[in-house]
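Taken together, the values in this text are just the output of simple stated rules run on the coordinates, not laboratory data. Everything numeric in this text was worked out from a predicted model, so none of it was measured. Note that each Cβ is placed from the backbone with ideal geometry, even for glycine, and that neighbours are counted across all protein chains shown.
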Amino acid sequence: MEQKRILLIDDSEITLAMEKAVLEARGYDVRATSTLMEFEKMLADFKPHVILTDIHMPEAKGTDICRTLKNEYNTQDIPIVLFSSLKDEELEALATQVGADGYLSKAHGVEALGEKVDELFESIIW
């Protein structure tokens, strides 16, 4: 069975490292970046099964990234999860607004991210 690929973008290097470690421990192939340019390059080269994006970043908002990717033919079917320090209610509203496939507040901890991604993959028929 093919290893599932996840692409992360977050402006915090520390958060990225923790997210990457948690997801790799669950058996995922993970690429992570804090810059939009690197994200775009990885998106083309890596072809992720899922994208996880922070919302508040200096170069771009995760909501804008999500909206753009959901409107592009090559990326519209890639599930996107918003992962932010916003409260669940705000994240849910934003996720609905921009067409994200899921959301998770960082307040739940990075371990919850692994569980959320597992659930997302279980609900997707490959």
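By per-residue mean of other Cβ atoms within 10 Å, what is the highest-first order of 80-88, 95-103? Show your work: numbers first, answer last.
On the way: 80-88: 19.9, 95-103: 17.7.
Top to bottom by mean Cβ count within 10 Å: 80-88, 95-103.
Please work out how much length the chain gains when fully extended from Ala112 to Lys70, using 0.36 nm per residue of separation minus the C-alpha to C-alpha distance, in nm with one decimal. Before the final figure, lay out each step's value.
Numbers: separation 42, 0.36 × 42 = 15.12 nm, distance 2.46 nm.
The Ala112-Lys70 span can extend by a further 12.7 nm.
Within 10 Å, count the other beta carbons around each residue, average over each peptide in 16-23, 47-54, and list them highest first.
Details: 16-23: 18.4, 47-54: 21.8.
Descending mean neighbour count gives 47-54, 16-23.
May I ask you to compute the full-extension gain from Glu38 to Ser12, defined as 0.36 nm times their residue separation minus their alpha-carbon distance, rounded to one decimal in nm?
Numbers: separation 26, 0.36 × 26 = 9.36 nm, distance 1.44 nm.
Between Glu38 and Ser12, full extension yields 7.9 nm more.
Rounded to two decimal places and with Rh computed the Kirkwood way over Cα pairs, what is Rg over Rh for the chain? The partial results should precede the final answer.
Numbers: Rg = 13.0 Å, Rh = 14.3 Å.
Rg/Rh for the chain comes to 0.91.
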